[in-house]
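See structure below.
The values are calculated or read from the model by the stated rules, or taken from the named source; none is laboratory data. Computed from a prediction, not measured in an experiment: that's the story for all the values here. When we count neighbours, we look across all protein chains shown, and the Cβ atoms used for this are built from the backbone with ideal geometry, even at glycine. With ligands, DNA and RNA removed, areas are computed over all heavy atoms of the protein, side chains included. Shrake-Rupley method; radii C 1.70, N 1.55, O 1.52, S 1.80 Å.
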Amino acid sequence: MKYRLSVLNLSMIYANDLVFDEYYFGDYFFSADKTRLQPEVIHRYLDRESYWAQGIPYETVLRSIDFSLCIGVYDDGGRQIGFGRMITDRATFAYLCDIFILEEHRGKSLSKEMMRLFCRMADEFGLRRFLLTTQTAHGLYRQSGFEMFPYPERLMSRPGVVFSREQLLDAVWGHDRAVTDRTVDVYILRLRQK
């Protein structure tokens with residue numbers, strides 16, 4: 001009975017995903033409050049600047065936020081300049097993804113601070129495995145205790161359905177299209193309104 005009570009208490013505590021108290025780190029504000037997130041900033045970065053999520057639909061970004069623990073980083077004017085999310089069961093496993101700090105705010109240890117928060121959460125949850133993938137930031141993640149997976153032959157992946165903007169244009173209008181990006185944006189907007 002005591003165990004069930006503690007599980008119920010945890011689910012109530014984490015109902016809003018406020019897994020740490022908001023605070024300032026220098027001139028920057030760190031928060032787990034999803035109501036502060038600026039999804040258009042997150043989508044713009046993922047869609048246009050990241051190497052891992054180019055072409056991701058806005059609705060997919062919104063859904064990913066809903067089902068993740070998120071950290072937002074904000075400048076002194078309240079503009080979101082960083083983001084990261086953890087997909088977890090809060091007991092045994094977590095996957096870290098979509099970590100970014102906008103370029104003009106890099107070099108201020110903001111990503112290191114975000115990693116410190118995520119690692120603290122993982123430790124508090126008592127996770128057995130905490131994974132991420134990266135092409136470019138191995139050094140940053142090593143500073144937080146991440147290592148190359150010791151048994152890569154054990155990892156498997158199943159590709160999902162993802163279409164880039166170019167693939168959609170080719171599928172709809174063909175390779176010899178005379179369609180501008182603006183035309184595509186209008187069609188996408190009309191589809192989203194339906």
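The table below lists the values:
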item: Two-decimal ratio, the range 107-160, of alpha-carbon radius of gyration to 2.2 N^0.38 Å; result: 1.28
item: With DNA, RNA and ligands ignored, accessible area of ILE81 (1.4 Å probe; Å², nearest 10); result: 0 Å²
item: By accessible area with a 1.4 Å probe, ligands and nucleic acids excluded, highest first: order of HIS138, HIS43; result: HIS138, HIS43
item: Zone of TYR24's modelled label, taken as backbone nitrogen in the range 39-75 under 19 Å from a point 7 Å along Cα→Cβ; result: 72-75
item: Gain in span if fully extended, ARG116 to GLU103, counting 0.36 nm per residue against the direct Cα distance; result: 2.7 nm
item: Separation in nanometres of the label points that stand 7 Å from Cα toward Cβ, at ARG142 and SER157; result: 2.1 nm
